[in-house]
1. If you check Thr105, Thr161, which single one turns out to be crowded, with 17+ Cβ neighbours inside 10 Å and either of a type in the set (S, T, N, Q) or in contact with a His (Cβ under 7 Å, 6 or more places away or on another chain) (or both)?
2. Looking at the stretch 38-47, is at least one residue among the small types (Gly, Ala, Ser) and within 17 Å of the chain's Cα centre (by Cα)?
3. Looking at Ala236, is it out of contact with any Lys or Arg (no Cβ under 9 Å at 6 or more places or on another chain) and without any contact (Cβ under 8 Å) to a residue 60 or more places away in the chain?
4. Being under 19 Å from Leu117 (Cα atoms) and surrounded by 14 or more Cβ atoms within 10 Å (Cβ to Cβ) is the requirement here; does Ser282 meet it?
5. When the stretch 45-97 is examined, which residues are found to be among the aromatic types (Phe, Trp, Tyr) and more than 20 Å from Pro114 (Cβ to Cβ)?
6. Within the stretch 179-229, work out how many residues are among the hydroxyl-bearing types (Ser, Thr, Tyr) and on the phi > 0 side of the Ramachandran plot.
7. Please list, ordered by first then second residue, the pairs with beta carbon atoms under 8 Å, 6 or more apart or interchain, first in the stretch 239-258 and in the same structural domain as Asn220 (by TED's automatic domain parsing) and closer than 16 Å to Asp272 by Cα, second part of a helix (DSSP H, G or I) and at pLDDT 95 or above.
8. Would it be correct to say that Gln260 is under 18 Å from the mean Cα position of the chain (by Cα), within 29 Å of Asp91 (Cβ to Cβ) and surrounded by 19 or more Cβ atoms within 10 Å (Cβ to Cβ)?
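The values are calculated or read from the model by the stated rules, or taken from the named source; none is laboratory data. For clarity, every value in this text was computed on a predicted model and none was experimentally measured. Cβ placement follows ideal geometry from the backbone for every residue including glycine, while neighbour counts extend to all protein chains displayed.
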Amino acid sequence: MRFLFIIDPLDTLNLATETSLLLIEELTRRGHRSSVATIADLSLTHRGATVRARPIEIDLAQQPFYRLGVVDDDGFASFDLVLMRKDPPVDEAFIFATHVLERATAVVPVLNNPVSLRLLNEKLLPLQFPQWTPPTVVSADPVDLIRFAIEHGRVVLKPLTECSGRGIRLVDADTAPSAIHAALVERRGSPLLEQKFLPGVAYGDKRIIVLDGEPIGAVNRIPQAPDRLANIHQGAQVQRTEITARERSIVAQAAGLLRQHGLFLAGLDFIDGYLTEINITSPSAVRQINAVSGTQLEVTIVDFLERFVTTSQKQRTCARS
């Protein structure tokens, strides 16, 4: 089988957390072929979507860790599956990529669904389940945001389009006016998400990887201090953990929404039993889960990808007959 990964430029990847490379390694081990492309390699014409992809071989023990083949101009139709694994920000370039990949679905399946990646926001998705989320407000009005901060004493302020903890602020009521105004200026007046601070974050921010609606592994991310962020990219330490009955119940309720929108690979984040984010753009932490649990989640994920390709091929064959 041939797989195409839409990812960030290779030289910018964090090898300690990168899940796409782990999947490419497992695909290669099974005899499949993988290629990579960035958003800059995507184009849209009156005839449809095009891509300039390059085959890749990986050896993380070497520098550079990759070897690229010649550009493949055959386009999307030469692949069996495209995986959209570009990290946020979900900016104009990211949105453009989803339009290209939407057109590409005419000839090849794309995972996760590019239309859903364009229409849904991973910071806002938890609000579909308000009974499981901490108190939250999303607004570009400083009055709303300041009032919420004063009501709850301490809040977490997040931009809607970033990842890995970028742009997140912990804000106390007494500094809320200046901090919120500064954040709005930094984001040029874009709406910000504000959540009540959960003290339980000191005991971890749990990432659960969900594949086709089923939880397949989890890791706890412990912040360096109570006032630090619990993101691996922000220095959090990882720890073995179990998925609680409450978390399984929430995942089960979210599964229908994820499947409905073609979001087959997701990362659900929990703090103190509350759902805080549903990561759908390029969910990671598979390496960390493997390290603390002794698992090989890439094997489970690639098993699914192979089945997904086979099923898609049968459906397309039936549709043509």
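1. Thr161
2. no
3. The answer is no for Ala236.
4. Yes; evaluated as a whole, the condition is true for this residue.
5. Residues satisfying the conditions are Phe65, Tyr66.
6. Residues flagged as among the hydroxyl-bearing types (Ser, Thr, Tyr) and on the phi > 0 side of the Ramachandran plot within the stretch 179-229 amount to 0.
7. Going by the 8 Å Cβ cut-off, the qualifying pairs are Gln239/Val292; Arg240/Val292; Arg240/Ser293; Thr241/Val292; Ile243/Val251; Ile250/Trp132.
8. no
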